[in-house]
1. Report the normalised scattering of segment 206-275 as log10 I(q)/I(0) at q = 0.24, 0.26, 0.28 Å⁻¹, calculated by the Debye formula with identical scatterers on the alpha carbons.
2. By the gyration tensor of its Cα atoms, with a ≥ b ≥ c the square roots of the eigenvalues, what is the shape of the chain: rounded for a/c under 1.5, prolate for a/b over b/c, or oblate?
3. Strictly greater than 21 Å: what percent of every Cα pair in segment 15-115 meets that?
4. With a cut-off of at most 15 other beta carbons within 10 Å, and DSSP calling the residue loop, which trypsin sites (Lys or Arg not before Pro) in segment 173-226 qualify? Please list them.
5. Rounded to whole Å and sorted largest first, list the principal axis extents of the Cα atoms in segment 115-258.
6. Give me, ordered by chain and number, the residues 5 or more places off LEU162 or on other chains with an amide H under 5 Å from its own placed amide H.
7. Could you tell me the calculated FRET efficiency between LYS148 and THR10, based on Cβ-Cβ distance and R0 = 41 angstrom, to the nearest 0.05?
8. Hey, can you grab everything whose amide H is under 5 Å from the amide H of ALA13? Only 5+ residues off in sequence or another chain; H modelled, so Pro and N-termini drop out.
Amino acid sequence: MRTVKFAGTTVAAIGQGTWYMGEDPGQRNHEVAALQQGIELGLSLIDSAEMYAEGGAEQVVGQAIAGRRDQVFLVSKVYPHNASRNGVPAACERSLKRLGTDYIDLYLLHWRGQYPLEETVDAFERLREAGKIGRWGVSNLDVDDLRKLYEYSDNCATDQVLYNPSQRGIEFDLLPWSRKRQLPIMAYCPLAQAGRLLKHPTLQEIAERHGATPAQVCLAWVTRQDGVVAIPKAVTPEHVRLNAAAASLSLSSEDLRAIDRAFPAPTRKQHLAMV
Ligand SMILES: NC(=O)c1ccc[n+]([C@@H]2O[C@H](COP(=O)([O-])OP(=O)(O)OC[C@H]3O[C@@H](n4cnc5c(N)ncnc54)[C@H](OP(=O)(O)O)[C@@H]3O)[C@@H](O)[C@H]2O)c1
């Protein structure tokens, strides 16, 4: 299983997303079971946010990790409108309560909002000193904002951004910039939300060669380079199983060339894509 040095520890290169979990009470048991299955298969990093189902996803995670907190690397995110000096600790306390734990391993600013980055970073650092969070990081920040952040602090543990074969913009500047600073990237929507991408003939051909699925090829591709963690969200048990197995799938240079032909790497700056 490919692993990544991440925020002071080592995690499997594939983790678990939770967007859209916690919205439908009828799905709750399936969602809890999926996260637990993932943990058992080694997908120890779980990504959530106060935004997801307005706290509902964190509650699902809390139920899933009860009694197994020490097996999990827990990530959550604060809304930009809560990212002020007093807003951050208050939001963190609410998240901790929903997650049923007394610390979050990695706490992220979900995207840039009205508060100065310095103010949010100071609040994160105070949470760190208080032992409420292990590390802090950001999400949806492009290189310009990361530069500004680094002028103030280089304690950032990750930038969580959109990345999959059909969305390669970060390869032009953000990925090389972060690699130079040993800043790991968390790739969100690594399956492009299971839309048309998974039907692409090139991904299907590569998948067939490996006895794998196009989704597994996406995950192997996203995590092919060191310092990238992918966080697919899966509730279907078979999807969880396949995603865990993808952490052991390696693509050949021939596969990578075929993906480059089908989804060319960027040759100029692209605006940071977000969903
Ligand atoms: N920071 C941000 O702004 C941001 C934005 C978006 C997402 N995120 C994070 O990134 C995570 C992943 O992104 P996402 O949930 O939007 O999209 P995604 O992971 O690309 O796609 C999720 C979809 O893929 C399906 N799926 C999962 N594994 C599969 C497999 N092996 N084969 C086929 N289909 C599979 C899931 O179905 P089932 O559920 O039925 O299994 C679900 O419909 C989120 O859950 C969230 O934690 C962060």
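Laboratory data are not the source of any read-out in this text; all were calculated from the coordinates shown. Here the structure is a predicted model, which means the values were calculated and not measured. Cβ placement follows ideal geometry from the backbone for every residue including glycine, while neighbour counts extend to all protein chains displayed.
1. Debye curve over Cα of segment 206-275, log10 I(q)/I(0) at q = 0.24, 0.26, 0.28 Å⁻¹: -1.17, -1.26, -1.32.
2. Values: a/c = 1.90, a/b = 1.24, b/c = 1.54.
Because a/c hits 1.5 or more and a/b fails to exceed b/c, the chain counts as oblate.
3. Working: 1393 of 5050 pairs.
Everything past 21 Å amounts to 28 percent.
4. Working: sites: ARG179, LYS180, ARG181, ARG196, LYS199, ARG209, ARG224; in loops: ARG181, ARG224.
Within segment 173-226, the qualifying trypsin sites (Lys or Arg not before Pro) (loop, at most 15 other Cβ atoms within 10 Å) are ARG181.
5. 49, 33, 24
6. Amide H neighbours of LEU162: TYR188.
7. Numbers: r = 30 Å, r/R0 = 0.72.
Efficiency, rounded to the nearest 0.05: 0.85.
8. ARG2, THR3, VAL4
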